[in-house]
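Taking it in order: structure first as structure tokens, then the write-up.
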Amino acid sequence: MRLTGTLSGSLAEPATAVERPALAVFESLAAVLPDGLVRGRSVLCSGDAAVSLALAVVACASRSGSWLAVFGLGDLGLLAAHEQGIALERTVLVTPPASASASSAGTWFAALGAAVEGFELLLVEVSSRIPAGEARKLQQRVLARRAVLVLVDVDSRHARQPVFQPDVLLHTVTARWCGIGDGHGHVREREVMVEMSGRRVPATQHAARCVTLPAPR
Amino acid sequence: MPHGVSRCLRRADMSRVAATRVAALVFPDWPAVALQRELASRGERHDVVAVLRAQRVAACSALARVAGVRTGMRRREAQAACADLIVVADNPERDRLVFEPVVRAVSEMVPLVEVGDPGTVVLPTRGPSRYVGGDTALAERLRALVAATGDEPPLHYGVGIADGRLMAMVAAMSAVDKPGVVVSVGHSAELLARQAVAVLALHAGVSIEMISLLQRLGVYTLGDLVAIEEKLLAARFGSLGVEVHRLARGLDRHPPIVVAPPPNHATEQHFEHPVEDLHRVVACGREMAVELCAHLVAHAVSCVSLHISLQGDHGEHSERVWYESDGLGAEAIAERVRWQMEAWVRSRTLTSGVVVIRLVPVELRASSGRQLGLWDPFGEQAEMAVKAAQRLASLLGPEAVRVAEWRGGRDPAEAFARTSVALVDLAHRAATAVTPDRRFVGALPSPTPAYVHHQPVDVQVLDTDGRVIVVSGRHEMSGTPKYIVMGGNELDIMSWSGPWPVEERWWDPQRHRRAVRMQVIVGESPSMALVLTLEQGRWRATARYA
């Protein structure tokens, strides 16, 4: 019943001209997303901790009532998502069409467009198949529907032409693994250096910040 | 329920004491039979099988029952009772698909059969009985029709004809593998009164807790239940009390309503061009269902049974009545349209595109508090998300859109199953959190890797001298792991932990699994944390802390 409580809160506000507040992020991520997840914007996570960071970024909003659609990421660890705090009962997992033909890319984009209509949060795996024009259209749609697009670049070791123009780009490099030794212990958390860039990030903030993952709730 | 309506209903009861005369065709343990038939179609023959629902045996084959397997047992208890038992998870889709030929066979004689759960068929006898020459002849004919659908493995079923659904089902159940039982007109109530209250759980979906409570209150038979005044039951149990009292009297669970059905509204759709795409037909059916339900909700009624009629361009048509005692919601109606379409395509009688879809509510009842309107009141967001999910499923196919369901186990890749959205009620399930109900001993320590490879990558784990690390039966490693070779690259091991043994299903020689897991940090800037699993002599990277 937590859900109805939070919803009635958001429904009480007028749905028209007034901009709804940004979706919340965990306090531990305030260093990289000081304004939370601003509606209409897109965030790209890349680097070796891209998936973990993306899960941490959407978890707080998912917990507090937003619906999440995950596109791609077939190998996503759902248990890890749950541990990070994502509400799986409000999460839908979408598998992209298998073939790489132009028509399947079209269907894929039609699907993303349909999801923007109903889900506040979209977690989308970036693949090289996405044409730049379609990516721009999707971002415009996200902007119009006041949703939040979180992009995950799983395989960002080799540089590729950027398809999306994210508002915030978070590039991760793991600095330290904590809890594991030589033959004892186990991984408890990791310290990740996050470099921020993108069109909505002022150049003064481009220095790398340290973030702990999984993000403490 | 408003006052006026309930008064109307009571009057309706008085005027319509006699229940409709129906025939029931019952296949006990249908999920198990469906499983056997499916296996048989693949050339496998298994006599002792059981189907699990929520980790308990929901149905088992006759031979398994002889061996001591009972419904409600846990998996291990069942396997202890019968060592070579094949245990498979419940699959409503399979039950329905395998049941389809039976429904088709019966509907060749009676076009409008009522389909509820797979495993039971109910049909009104008035027309058919007159056609074949009496109830006994009808029972025989029904048995013959079913027998003609094949006997591999042999089907066990019973036919019962009586006044009202419940008595017909009880009669059918008592007539399994025997000639059909016909209860003569007017005798049903008397016979029903002698039945134990447990039949309510078996055939009418009343909860086990309710039955157990009745028994503890000293109500053992339906006769005892009828002897109690309805208003007393209503006072004690609310609408459920009224329902069981009605059922015990041999009536249908919900009183028929006397308020005139609301004028039909947008329940028929004609296409100028025949539609050949199944998804489009279903999407269209869904839109109609949403409108129909909105209309019904506005009139404070819900639809208990619905006649779906589909017509093809060459004049072929498919007619079916769908029944759901709790009322059919928009989503449920859309599902039924899909089932009927699939069955029709499968039967190969559809030779062209669809030109007409018609939804006609056959039986309506006043909405009780349980009918939660259109999509359940979980807010605007949920409603929009559910609609978007449906749109996604119609675009990409129902298998491409999934939700997580807790399954458990030690393997992070298997902890949550990905179930198709077509099989769940999204809005409803959003009310309860999807969480692990317990932590399995031997599961990976938290945090769990964010990336689990469904197709693991082969690696070599080597010690200082370049020898492959092996792990003894006592979980001792042959050396200190120094580096791994993965995809042709050598990566130094910075830290490691393990080995952690995993032992699963040790009681089952075929599905027994023994493995050893290890956590390693490899490489330096960038470093990578992996879970390596040694199984059957092969090391593989099964998960990554991405």
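The values are calculated or read from the model by the stated rules, or taken from the named source; none is laboratory data. This structure is a prediction, so every number in the text was calculated from the model and none was measured. Please note: Cβ atoms are built from the backbone with ideal geometry, for glycine as well, and neighbour counts cover all protein chains shown.
Here are some notes:
- Condition met for A:Leu68 (in contact with a Phe, Trp or Tyr (Cβ under 9 Å, 6 or more places away or on another chain) and under 25 Å from B:Ser446 (Cβ atoms)): yes
- Check on B:Ser525, within 29 Å of A:Arg176 (Cβ to Cβ), within 14 Å of chain A (Cβ to nearest Cβ), surrounded by fewer than 15 Cβ atoms within 10 Å (Cβ to Cβ) and among the hydroxyl-bearing types (Ser, Thr, Tyr): yes
- Counted residues, segment B:1-39 - those being modelled with pLDDT under 85 and either touching a Cys at 6+ places or on another chain (Cβ under 8 Å) or closer than 28 Å to B:Val115 by Cβ (or both): 8
Residues are listed down the side, and each one gets a yes or a no for (1) at pLDDT 85 or above; (2) over 14 Å from B:Glu363 (Cα atoms); (3) touching a helix residue (DSSP H, G or I) at 6+ places or on another chain (Cβ under 6 Å); (4) not in a loop (DSSP other than H, G, I, E, B):
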| position | (1), (2), (3), (4) |
| --- | --- |
| B:Leu225 | yes, yes, yes, yes |
| B:Leu240 | no, yes, no, yes |
| B:His245 | yes, yes, yes, yes |
| B:Gly250 | no, yes, yes, no |
| B:Pro263 | no, no, no, no |
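Condition check ((1) in a helix (DSSP H, G or I); (2) in contact (Cβ under 8 Å) with a residue 12 or more places away in the chain; (3) out of contact with any strand residue (DSSP E or B) (no Cβ under 6 Å at 6 or more places or on another chain)) across all residues:
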| site | (1), (2), (3) |
| --- | --- |
| B:Glu291 | yes, yes, yes |
| B:His307 | no, yes, no |
| B:Gly315 | no, no, yes |
| B:Gly327 | no, yes, no |
| B:Arg346 | yes, yes, yes |
| B:Thr351 | no, yes, yes |
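- Selection within segment B:398-433 - assigned to a loop (DSSP other than H, G, I, E, B), in contact with a Phe, Trp or Tyr (Cβ under 6 Å, 6 or more places away or on another chain) and facing another protein chain (nearest Cβ under 8 Å): B:Ala430
- Inter-residue pairs, beta-carbon under 7 Å, first more than 22 Å from A:Trp67 (Cα to Cα) and in segment A:113-137, second among the aromatic types (Phe, Trp, Tyr) and outside any loop (DSSP other than H, G, I, E, B), 6+ apart: A:Glu134/A:Phe109
- Test for A:Arg136: is it within 30 Å of A:Arg20 (Cβ to Cβ) and more than 14 Å from every other protein chain (Cβ to nearest Cβ): yes
- Answer residue from segment A:174-185, given it is within 7 Å of chain B (Cβ to nearest Cβ) and either on the phi > 0 side of the Ramachandran plot or surrounded by 16 or more Cβ atoms within 10 Å (Cβ to Cβ) (or both) and is nearest to the chain's Cα centre (by Cα) among those: A:Thr174
- Subset tally (residues that are touching a Pro at 6+ places or on another chain (Cβ under 9 Å) and more than 23 Å from B:Ser188 (Cβ to Cβ)) for segment B:215-248: 0
- Exclusive hit being farther than 26 Å from A:Val92 by Cβ, within 12 Å of chain A (Cβ to nearest Cβ) and in contact (Cβ under 8 Å) with a residue 60 or more places away in the chain, set B:Pro456, B:Pro499, B:Pro449: B:Pro456
- Options B:Ala543, B:Ala529; residue that is touching a residue at least 24 places away in the same chain (Cβ under 8 Å) and within 35 Å of the chain's Cα centre (by Cα): B:Ala543
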